[in-house]
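The values are calculated or read from the model by the stated rules, or taken from the named source; none is laboratory data. Note that this is a predicted model, so its numbers are computed, not measured. Here the Cβ positions follow ideal geometry from the backbone for every residue, glycine too, while neighbour counts run over all protein chains shown. In case anyone asks, the SASA skips ligands and DNA or RNA and just uses the protein heavy atoms, side chains included. Shrake-Rupley method; radii C 1.70, N 1.55, O 1.52, S 1.80 Å.
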Amino acid sequence: MCGIVGYVGNKHAQDILVTGLKRLEYRGYDSAGIVTLGKGEPTLLRTKGKVAGLGSLVAKSKRSDMVGIGHTRWATHGVPSEANAHPHHVGNIFLVHNGIIENYKELREELKSHTFVSETDTEVLAALIDELYQRKDVKLEDAVTQALKLVVGTFGIAVVSPKEPGKIVAARQGSPLIVGIGKGETLIASDASVLVGHTDEAIYLNDGELAVCTAENVELMDLASQPVSAKVEKIEVDMAAIQKQGYDHFLLKEIMEQPTTLRSTLSGRVVPEEHRAQLGGLNLTEDELRSIEHVVIIGCGTAYYAGLLASYYLEQLVDDLTVEVQVASEYRYRSFHLPKNSVALIVSQSGETADTLACLREIKRRGVPVLGVVNAVGSTIAREVDGGVYVHAGPEISVASTKAFTSQVSAMTIFGVQLAQAKGAGLKELDEFIEELALLPEEIENVLQTKREEVEKIAKQYATYEHALFLGRDTLFPVALEGALKLKEISYIQAEGYATGELKHGPIALIDDKFFEVMLLQDNWLFDKSMSGFEEVNARGGHIVAITNSKKDIPAESIIRVETKLDMLAPVVFNVVQQLLAYYIAVEKGNDVDQPRNLAKSVTVE
Ligand code: AGP
């Protein structure tokens, strides 16, 4: 949720911390702050709002301190304000925190000696650590471990104290934390993008681990202060991947780079000449694959919708298979039953979503194989699944997920072909899917090149609407849900996705001049059924934007005709048009397209 950074080394920390926070800003942008230690008093700088505000404070303070921590916030406890911004300072303790201290009220009751100045759970943890740190001969890491034993909740924290200026103590339980090992410098961060340009050597902290970091050394221990061996891994993030590369927004860059990122997803996995579509890394034998009878797909938001679309393809590809798709935040608390021979597909772009992770752990605890469909390399879900794949879509910076959706659907469809092959399905049925997968990057390239301006023009017409309905049948139903989510997230227009067939059972009552309708009309066996829905909306004065690959006459207010050779996977191309529509409507409204209000890219709290 929030982003935390730390630096101890031989360079001026302020700029390094602010640059790090800028790279983490997609995790939360309600307030930002840093503290650095050096000669004299610590320099604490905090601001409400974006990291940019912090940049100007740093420009004024210009300290040569070489140790510090920083934070960019997604507010959970307490409104976005300077008082609630991190780092929180209590006595000799400065603390930044990503996560939620669930028992902070009880702890606060215990800390009578401290006068609280913020509404946050985090200040309570800072006060608790400071209280323990006041005891004789207690080292910073000891005060931190003792305090964390009393905490219920999730945390990724970094702590500094002017009493031990060359040291940063970091710890994780539930929120991601990575330690970068540099030459004469050590960095701490919520994700690997902060380390780019400093080092490609990193330690991914596991839950219950704590790192004592100095410029020259990193000591790992568990929360019982027992030493833990450190596994240093190489990180592969290049600078270009975390820059806009000339695009106005990361969102447009990520929409436009889908042909390339999808080719990375398919590379070595889809080989039409060999009638082959296969994922490596599942850690399942052919027999185990063949014995699968039930697949449960788990995700949140766009990942859930990717799973929903893929479930249609799995059902089409594999005869004797039942498939269910579940929203993680609900599924984790349901008393669900999984039949024998089940596997779970855990879908997540960030690989850190708390609800999805909780489902993974519960399903794994029940002995059901959990396979990851993940984008972020080295993320917690990727490291905790039994097997699975990276979708290789590259870092996704914009909060609204686009390229990850396209790659997730494709990866799960490959899984479907592989499963069908293991169960002896004929080549002919599978070849259609394999060929369409191989064609998909080019088809998306074609629609981006030929339709972008047209969509931008149409988008301007609909930017003033307050409400929208997205309607689709069969595989276009999950796409309608995803289209509505994209528009909601970045344009703030209230939008709902609906199965076209459900229209008459209620939502058609909404149709009036405050609404526009995006109708997804694929020229296939359901075209006429879909056109009945179209006629029903049109008859009530709907303002319809039709997205279709049909050449037939469709009397819509606006129409976007998609040229595509695809059939089964055409909905993935339709969705790219929706991504552009949402993007240009949000731009027309002047919204902060990459960092929409109230959202964060990786939801690491419940
Ligand atoms: C999508 O645009 C949103 N950012 C959000 O719904 C997201 O899909 C959801 O939070 C799941 O994230 P994940 O894929 O990183 O687990």
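For this structure, a couple of remarks:
- Unmet criterion (only one of (1) more than 16 Å from the ligand (Cβ to nearest atom); (2) in a helix (DSSP H, G or I); (3) closer than 26 Å to S410 by Cβ) for G501: (3)
- Which listed residue is more than 12 Å from the ligand (Cβ to nearest atom) and at pLDDT 95 or above, from E396, E362: E362
- Some residue of region 380-391 being within 14 Å of the ligand (Cβ to nearest atom), over 24 Å from Y313 (Cα atoms), touching a strand residue (DSSP E or B) at 6+ places or on another chain (Cβ under 9 Å) and hydroxyl-bearing (S, T, Y): yes
- Residue check for K403: more than 16 Å from the ligand (Cβ to nearest atom), among the basic types (K, R), touching a residue at least 60 places away in the same chain (Cβ under 8 Å) and within 14 Å of F574 (Cα to Cα): no
- Conditions (1) surrounded by 22 or more Cβ atoms within 10 Å (Cβ to Cβ); (2) assigned to a helix (DSSP H, G or I); (3) touching an Asp or Glu at 6+ places or on another chain (Cβ under 8 Å); number of the one not met by L469: (2)
- Selection from region 56-111 of residues that are of a type in the set (A, V, I, L, M, F, W, C) and farther than 16 Å from L17 by Cα: W74, A75, V79, A83, V90, I93, I100, I101, L107, L111
- When region 300-335 is limited to residues that are assigned to a helix (DSSP H, G or I), open to solvent by 20 Å² or more (accessible area, probe 1.4 Å) and touching a residue at least 40 places away in the same chain (Cβ under 8 Å), the one that is farthest from N375 (Cα to Cα) turns out to be Q316.
Table: residues versus (1) touching a Leu at 6+ places or on another chain (Cβ under 9 Å); (2) open to solvent by less than 10 Å² (accessible area, probe 1.4 Å).
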site	(1), (2)
K457	no, no
K460	no, no
G483	yes, yes
E496	yes, no
D512	no, no
L520	yes, yes
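- Pairs, first under 11 Å from F516 (Cβ atoms) and modelled with pLDDT under 95 in region 535-546, second outside any helix (DSSP H, G or I) and of a type in the set (D, E), C-beta under 6 Å, six or more apart: none
- So K60, is it out of contact with any Leu (no Cβ under 6 Å at 6 or more places or on another chain), among the basic types (K, R) and touching a residue at least 12 places away in the same chain (Cβ under 8 Å): no
- Output for region 161-186, where each listed residue is under 19 Å from M1 (Cα atoms), in a strand (DSSP E or B) and in contact (Cβ under 8 Å) with a residue 60 or more places away in the chain: A170, Q173, G174, I178
- The condition of being more than 16 Å from the ligand (Cβ to nearest atom), part of a helix (DSSP H, G or I) and charged (D, E, K, R) holds for only one of E445, E482, E489, that being E445.
- Total residues in region 568-606, condition touching a residue at least 60 places away in the same chain (Cβ under 8 Å), open to solvent by 10 Å² or more (accessible area, probe 1.4 Å) and away from the ligand (no atom under 16 Å from the Cβ): 5
- Within the set V152, V194, V179, V228, the sole residue that is β-branched (V, I, T), open to solvent by 20 Å² or more (accessible area, probe 1.4 Å) and over 28 Å from E106 (Cα atoms) turns out to be V228.
- Any hit, region 470-477, residues being closer than 30 Å to W74 by Cα and touching a helix residue (DSSP H, G or I) at 6+ places or on another chain (Cβ under 8 Å): yes
- Region 71-80 - residue that is part of a loop (DSSP other than H, G, I, E, B) and under 16 Å from R597 (Cβ atoms) and, of those, least open to solvent (accessible area, probe 1.4 Å): A75
- Region 269-299, subset crowded, with 21+ Cβ neighbours inside 10 Å and over 14 Å from F415 (Cα atoms), residue nearest to the ligand (Cβ to nearest atom): G299
- Scan of region 336-359 for residues that are within 14 Å of the ligand (Cβ to nearest atom) and not in a strand (DSSP E or B), ordered by number: Q349, S350, G351, E352, T353, A354, D355, T356, L357, A358, C359
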